[in-house]
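The values are calculated or read from the model by the stated rules, or taken from the named source; none is laboratory data. Keep in mind that what you see is a predicted model, and the values were worked out from it rather than measured. When we count neighbours, we look across all protein chains shown, and the Cβ atoms used for this are built from the backbone with ideal geometry, even at glycine.
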Ligand SMILES: Cc1cc2nc3c(=O)[nH]c(=O)nc-3n(C[C@H](O)[C@H](O)[C@H](O)COP(=O)(O)OP(=O)(O)OC[C@H]3O[C@@H](n4cnc5c(N)ncnc54)[C@H](O)[C@@H]3O)c2cc1C
């Protein structure tokens, strides 16, 4: 147990976290003339990791070292002369005293970048937190945020497939995914590809509730069911129970479902609800029910915080000397004009770069971003842009190669879903950005010129 108070150590630059935002900040600092010390604090022993590659690590399609885009081992820290405080998580930041605390002591800083990313949200389901923390080889319930999460999940899958840890006798292995989020549908697809019978459990009435308009969601759901996925939509998982001993034949995880006020009606043919069984069993459970900014170390009341730390276009917070970037930062959403967390790899990198330039005294600012994503849902490609919850008009197009659901507010396009043909998604995103920044008012012309 360390209890050293290191107040004599003044860190010119401290960075909390080692994801994409932190790594880009380091690169920008060095590229913009900062030659002094950079101290970077992590809660893990790894190089900067890209969490969106976790599903590829689990599937085995990506060699582990490729999940570290800035180099594996200590290469990144060495090349950029970073003093890496590995496995030394920050437990408190007092922005008034300009101090950060870890288990090894308290450091004073001149400027501090908070880039600690997000942690998986754990819904209030009885037994879930304990199941996620279950130690050792018998663990069967996982989140999917860190590289260690991905590796632990892969080990469990390998164990189950090798049949060494009491998989259900006969029949296919079963996996349940809690949360039909982007991460949820991606890991569901991986598990399906590895031979599991997969059930997607979603509290809302449709898949990808934050990204897919219900019209697009219905198409995706029909496709998923056709591919053999089981969907439990509008379903409230109430409890998770682990068996005493997984080595007993037939031992499985118990999932208890309860009533959810306002949940989808299983009898409604417009939804994709399943049988509504109150209890079922599974061999593996992956939790993808969203995430929360990792900010529990901030002393209360010192910094303007909404869901994340509110920042300007140079990633400055309201507290002097404190910056934030990535999944902890609420920068500008160019479409809505509001300050929101845009939890994307590209956004984290842009924000990290802007913070690094700003701290190095070469500010150029990052005006903001637009929520967008693209993924396979089963074998169908799906892209989403903008928002799907604040519109007044819906139009749909289907030209054979590409189906689109377009969402409008006051005559302005604010959200878009594209199914099947996502080659065009990049063009549409550019057009969206240009509209949001006032560079063009005519998205249709951009789209038409691309298609012709
Ligand atoms: C499964 C999954 C799939 C995704 N898919 C996509 C996708 O398809 N497209 C896309 O654009 N984005 C995707 N994302 C989101 C994207 O990965 C994130 O938006 C991005 O990585 C955020 O980068 P960051 O640097 O802010 O945070 P992170 O990458 O989370 O890095 C933060 C780091 O700080 C560390 N840390 C946390 N607390 C502390 C502390 N107190 N002290 C020290 N260190 C700490 C964390 O362990 C972590 O290593 C996905 C994310 C996940 C989990």
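Worth a mention:
- Taking (1) under 16 Å from residue 25 (Cα atoms); (2) surrounded by 23 or more Cβ atoms within 10 Å (Cβ to Cβ) in turn, residue 335 satisfies each apart from (1).
- Number of the exception - residue 167 against (1) at pLDDT 95 or above; (2) over 13 Å from residue 288 (Cα atoms); (3) buried (at least 22 other Cβ atoms within 10 Å of the Cβ): (1)
Residues checked against (1) surrounded by fewer than 17 Cβ atoms within 10 Å (Cβ to Cβ); (2) more than 21 Å from the chain's Cα centre (by Cα); (3) at negative phi:
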| site | (1), (2), (3) |
| --- | --- |
| 35 | yes, yes, yes |
| 56 | no, no, yes |
| 87 | yes, yes, no |
| 91 | yes, yes, yes |
| 100 | no, yes, yes |
| 111 | no, yes, yes |
| 123 | yes, no, yes |
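- Test: residue in segment 63-73 that is crowded, with 22+ Cβ neighbours inside 10 Å, at pLDDT 95 or above, closer than 20 Å to residue 357 by Cα and touching a helix residue (DSSP H, G or I) at 6+ places or on another chain (Cβ under 7 Å): no
- Residue satisfying condition, being assigned to a loop (DSSP other than H, G, I, E, B) and modelled with pLDDT of 95 or more, within set 351, 314: 314
- The one condition in (1) more than 16 Å from the ligand (Cβ to nearest atom); (2) within 25 Å of residue 22 (Cα to Cα); (3) buried (at least 22 other Cβ atoms within 10 Å of the Cβ) that residue 342 fails to fulfil: (1)
- Residue within segment 14-25 that is at positive phi and modelled with pLDDT of 95 or more present: yes
- Condition met for residue 396 (in a strand (DSSP E or B), more than 16 Å from the ligand (Cβ to nearest atom) and in contact (Cβ under 8 Å) with a residue 60 or more places away in the chain): yes
- Selection from segment 357-368 of residues that are out of contact with any strand residue (DSSP E or B) (no Cβ under 8 Å at 6 or more places or on another chain) and either part of a helix (DSSP H, G or I) or under 12 Å from residue 324 (Cβ atoms) (or both): 357
- When residues in segment 37-54 are screened for being more than 14 Å from the ligand (Cβ to nearest atom) and either surrounded by 17 or more Cβ atoms within 10 Å (Cβ to Cβ) or in the same structural domain as residue 146 (by TED's automatic domain parsing) (or both), 1 of them pass.
- Within this structure, residue 12 fails the test of being more than 15 Å from the ligand (Cβ to nearest atom), closer than 30 Å to residue 158 by Cβ and either loosely packed, with under 15 Cβ neighbours inside 10 Å or in contact (Cβ under 8 Å) with a residue 60 or more places away in the chain (or both).
- Segment 141-164, subset at pLDDT 95 or above and in a loop (DSSP other than H, G, I, E, B), residue farthest from residue 257 (Cα to Cα): 146
- Checking each residue in segment 128-153 for being touching a strand residue (DSSP E or B) at 6+ places or on another chain (Cβ under 7 Å) and surrounded by fewer than 18 Cβ atoms within 10 Å (Cβ to Cβ) picks out 132, 134, 152.
- Only listed residue being outside the structural domain of residue 81 (by TED's automatic domain parsing) and modelled with pLDDT of 95 or more, chosen from 59, 3: 59
- Top-ranked residue of segment 371-393 - restricted to ones that are within 13 Å of the ligand (Cβ to nearest atom) and either buried (at least 20 other Cβ atoms within 10 Å of the Cβ) or over 21 Å from the mean Cα position of the chain (by Cα) (or both), ranked as farthest from residue 315 (Cα to Cα): 377
- Within segment 140-157, no residue that is on the phi > 0 side of the Ramachandran plot sits with its Cβ atom under 8 Å from a residue that is surrounded by 19 or more Cβ atoms within 10 Å (Cβ to Cβ) at 6+ positions apart or across chains.
- Here segment 314-325 is the region considered, the condition is being more than 20 Å from residue 10 (Cβ to Cβ) and within 14 Å of the ligand (Cβ to nearest atom), and the residue that is nearest to the chain's Cα centre (by Cα) is 325.
- Whichever residue in segment 106-123 is assigned by TED's automatic domain parsing to the domain that holds residue 321 and away from the ligand (no atom under 15 Å from the Cβ) and, among such residues, is farthest from residue 341 (Cα to Cα): 108
- Of 311, 328, 286, 303, all but one fail to be near the ligand (Cβ under 10 Å from one of its atoms) and more than 30 Å from residue 218 (Cα to Cα); the exception is 328.
- The numbered conditions (1) closer than 20 Å to residue 26 by Cβ; (2) within 10 Å of the ligand (Cβ to nearest atom); (3) surrounded by 21 or more Cβ atoms within 10 Å (Cβ to Cβ); (4) in contact (Cβ under 8 Å) with a residue 60 or more places away in the chain are all true for residue 347 except (4).
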